[in-house]
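Heads up, the thing below is written out as structure tokens.
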Amino acid sequence: MKLLPRPATRSLIVSLWGLALAAASGAAAGAIVGKTFAGLALGLSAWIGYALLRLSVLVNRLRSRRRLPPPEGWGLWAEIDRILWRRQREARARQRRLLEGLCAFREGARLLPDGVIVIDREDRILWSNEAARRLLGLRDPADRGRLLTDLVRTPRLARWLAGDRGSEPLLDLPAPQDENLRLAIRQVPLGQGRRMIIARDISQLMRLEQIRRDFVANVSHELRTPLTVIHGYLDLLDPDEHPALREVLIELAKQSRRMTQLVEDLLTLSRLESERQLPEAPIPIPPLIDALRREAEALSQGRHRIESEIGCASDLVGSVKDIHSAFSNLISNAVRYTPPGGKITIRWCDDPRGARFEVEDTGVGIPPEHIPRITERFYRVSTSRSRETGGTGLGLSIVKHVLNLHQAQLSIRSEPGRGSVFACIFSAERLCPRDAAKETIA
Ligand code: ADP
């Protein structure tokens, strides 16, 4: 049976030989003077003394952080030295590899074109890279331990950092030292409350976006004049007076109306996209709901049952014109996508987050796979149905932009063939007591 590995057996044998040699030498020396046992005891004591000496050397080596000398000799002590030396070499190699990895990572993060800042749970800076100096004016290591919000004094950044930890990126933030530099800020949670903040220069992207917006706005604006002329001439041509051209004139009038609506919607979108803050005032909700209901009835022309409910005692603070336009877009969709005989309910009610404006219909509904993209410009579930009903494909985009500017959310629940509920959810900060809204109207 193999009790010990081969090197250990060999060392044990060598050590036992050492012990036997010390005992035999002591006994032989003792025998010369007639004291064999005393000699044997002396030999054994010398061996124990040597063992204690090696033990203290071993303790010193274990305690010391210095590099161990390569092992020499035979026996158990030399074997222990060999094991220690090998372990130390392996540990040092592992440490070197880890350090190299860490250095490479740090170097990479330091030279990243994006600003990287690591902050703790109190938003104190733990580390930042070179791009963070260029983009946000942070100096590493001088700024370590300081609050990020003390060094980058922008209310938008402070609000964003204090908000929901997994929130959307903060877009179009002007750089503190250079207003022309526009930044996008993202955050990555790192555990133990720490966060990595990444700042990216999006100035070029914003410039291109501005060019695109200007182009759409200019084209839409330029289209207005020729469209007005076409409308003017079409108004002069009464289809009843020109029976041969009746169909053509009716179709021309319909298409030119659609084109005008498209141009108006594009201009509205351009305005909303370039707007940072809309003019705000308390909006009295009951008269607004009444007006929306009348609009729905005019659009439906008796084909639907239309109801309204007001279950929330507060009013809304926002841009009257844009809120009206967003709500009436939702109502117009409900009328257009609900077959005759269906029911449409307009609601203003309480919500755990504040209040909710809701339009519920019993219409065609939307298959779930289309819902995530439905607020994109010109995105349609069915192009032919949208055209048939006179849609421009921009209605929900407008709704989304208006809601974003009011820090509100659009929630869509829908079941194909059964109907849809479009809800605009406003936070409690957007609400005001009903009397306040009345006073501003008076
Ligand atoms: P459109 O002018 O085409 O109606 P919108 O942006 O208002 O454009 O709506 C985008 C698409 O969303 C529509 O084409 C339609 O398919 C779908 N949609 C919007 N509202 C409803 C609704 N209440 N019921 C069913 N589908 C809807």
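The values are calculated or read from the model by the stated rules, or taken from the named source; none is laboratory data. Given the structure is predicted, the values throughout are model-derived calculations rather than measurements. Because the Cβ atoms are built from the backbone with ideal geometry, glycine has one as well, and the counts that use them run over all protein chains shown. These area figures cover heavy atoms from the full protein model, side chains too; ligands, DNA and RNA do not enter into them. Shrake-Rupley method; radii C 1.70, N 1.55, O 1.52, S 1.80 Å.
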In the chain, with Lys and Arg counted as +1 and Asp and Glu as -1 at Cβ, which of these residues, 289, 190, 80, has the Cα nearest the positive end of the dipole, that is, farthest along it?
80
Measure out, as a whole number of angstrom, how far apart the alpha-carbon centroids of region 15-37 and region 74-94 sit.
32
With a 1.4 Å probe and every protein chain left in place, work out the accessible area per residue of region 6-97 in Å², rounded to a whole number.
76
How far is helix 75-111 tilted, in degrees, relative to the longest principal axis of the Cα atoms in the chain, given as a value from 0 to 90 rounded to the nearest 10?
20
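Give, rounded to the nearest 20 debye, the magnitude of the charge dipole that region 219-276 has about its Cα centre when Lys and Arg contribute +1 at Cβ and Asp and Glu contribute -1 at Cβ. Walk me through the numbers on the way to the answer.
Working: 7 positive and 11 negative charges, 47 e Å.
Computed charge dipole of region 219-276: roughly 220 debye.
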Taking the chain as the reference, fit the longest principal axis to its C-alpha atoms, fit the long axis of helix 285-300 to the helix C-alpha atoms, and give the angle between the two in degrees, 0 to 90, nearest 10.
60
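To the nearest 20 debye, what is the magnitude of the charge dipole of region 6-97 about its Cα centre, counting +1 on the Cβ of each Lys and Arg and -1 on the Cβ of each Asp and Glu?
On the way: 17 positive and 4 negative charges, 202 e Å.
About 980 debye.
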Relative pair counts by distance (%), Cα atoms of region 62-159, 5 Å bins
2, 12, 14, 14, 10, 7, 7, 8, 8, 7, 6, 4, 2, 1, 0
Would you mind listing how long region 112-201 runs along its three principal axes, going by Cα atoms, in whole Å with the largest first?
35, 29, 23
Could you give the size of the charge dipole of the chain about its Cα centre, using +1 on the Cβ of each K and R and -1 on the Cβ of each D and E, expressed in debye and rounded to the nearest 20?
4100
Can you give me the accessible area per residue for region 112-201, using a 1.4 Å probe, in Å²?
54
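Quick one: pull the percentage of alpha-carbon pairs in region 6-97 with a separation above 18 Å. Before the final figure, lay out each step's value.
On the way: 2383 of 4186 pairs.
The share of Cα pairs beyond 18 Å in region 6-97 comes to 57 percent.
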Rounded to the nearest 10 Å², what accessible area does residue 432 show when all protein chains are kept and the probe is 1.4 Å?
10
With a ≥ b ≥ c from the Cα gyration tensor eigenvalues, square-rooted, and the rule rounded for a/c under 1.5, otherwise prolate when a/b > b/c and oblate otherwise, region 278-436 is prolate
Shape call for region 248-359, from the Cα gyration tensor axes a ≥ b ≥ c (a/c under 1.5 means rounded, otherwise prolate when a/b beats b/c, else oblate), comes out oblate
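With the other protein chains left in place, how much accessible area per residue, in square angstrom, belongs to region 205-273 at a 1.4 angstrom probe? Working shown, then result.
Numbers: 4810 Å² over 69 residues.
That works out to 70 Å² for each residue.
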Hey, how many Å between the Cα centroid of region 182-217 and the Cα centroid of region 299-375?
33
Output the 0 to 90 degree angle, nearest 10, between the alpha-carbon long axis of helix 395-405 and the longest principal axis computed from the alpha carbons of the chain.
60
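Quick one: of the DSSP bridges fully inside region 278-436, what percent are antiparallel, nearest 5?
On the way: 29 of 35 bridges.
Expressed as a percentage, antiparallel bridges in region 278-436 total about 85.
Taking GluC sites (Glu not before Pro) as candidate sites, keep only those in a DSSP loop with at most 10 other Cβ atoms within 10 Å, then name the longest stretch of the chain containing none of them.
On the way: sites that count: 72, 122, 179.
For GluC sites (Glu not before Pro) (loop position, at most 10 other Cβ atoms within 10 Å), the longest site-free span of the chain is 180-442.
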As I understand it, the dipole of region 205-273 uses +1 on the Cβ of Lys and Arg and -1 on the Cβ of Asp and Glu, about the Cα centre. Which of 225, 255, 215 lies farthest toward its positive end?
215
Calculate what fraction, in whole %, of the accessible area of the chain sits on carbon and sulfur atoms when a 1.4 Å probe is rolled over the protein chains.
58
Which Cα, out of 157, 349, 424, lies furthest along the positive dipole direction of the chain (beta carbon charges, K/R +1, D/E -1)?
157
Per-residue SASA entry for residue 350, accessible area with 1.4 Å probe, Å² rounded to 10
100
Can you give the Kirkwood hydrodynamic radius for the chain, in Å, rounded to one decimal and based on Cα pairs?
29.9
